[in-house]
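In what follows, a single structure is set out as structure tokens and then discussed.
Every number here is computed from the coordinates shown, using simple stated rules; none is lab data. What you see is a predicted model, and the numbers here were worked out from it, not measured in a lab. Methodologically, a virtual Cβ is constructed for each residue, glycine included, from the backbone with ideal geometry; neighbour enumeration extends over all protein chains shown.
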Amino acid sequence: MSDAEKTGYKKYVSFYKSVLDQDRSAIVICNLQHEIIYMNAAAVKNYERFGGDQLMGKNLLNCHNPKSRERIEQVVQWFAESKEHNLIYTFHNEKQNKDVYMVALRDGEKLIGYYEKHEYRDRETMGMYEFGEAEGAI
């Protein structure tokens, strides 16, 4: 990649970060050493009782019990086995009516990390094209 391409690429980082920051669902991004390298505002709020933004830089595995740690390691190994292995369903939270997934992050075909994705199943309560303060806004 040329210097001009690198400069152009870096210019768009703020766009990608903005997409994550605007998501109402918690997004926690980890590298392959399981270090938490990014949490969007929803994740910081969701994990506030565990330290919120103070979790960034910490090892995600330290936040889980031994069985969960083993599963996380197993999923990351599965991601590494094939560029086609990119999404796995991990949990349904009945109380919040959401499904939780782990998603591979890649630079081309190379696995570089993973993140946790939450998909809520409740019907949207915001009116279509309702301008102004949105319910549940972060």
At 1.306 mPa s and 10 °C, Stokes D of the chain from Kirkwood alpha-carbon radius, µm² per second: 95
Taking the Cα centre of the chain as origin and charging only Cβ (+1 Lys, Arg; -1 Asp, Glu), how large is the dipole, in debye to the nearest 20? 300
The chain, relative contact order in percent, only Cα pairs under 8 angstrom and at least six apart counted: 21
Exposed-loop cut sites defined as trypsin sites (Lys or Arg not before Pro) in DSSP loop states with at most 10 other Cβ within 10 angstrom; longest site-free run of the chain spans 1-94
Residues of segment 97-111 with backbone nitrogen within less than 18 Å of a virtual label 7 Å along the Cα-to-Cβ line of R121, please, listed as ranges. 97-102
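For n ≥ 4 DSSP H runs only, could you compute -39500 (n - 2.57) per run for the chain, divide by its residues and tell me the 222 nm figure to the nearest 500?
Helices in the chain give a 222 nm mean residue ellipticity of -9000 deg cm²/dmol.
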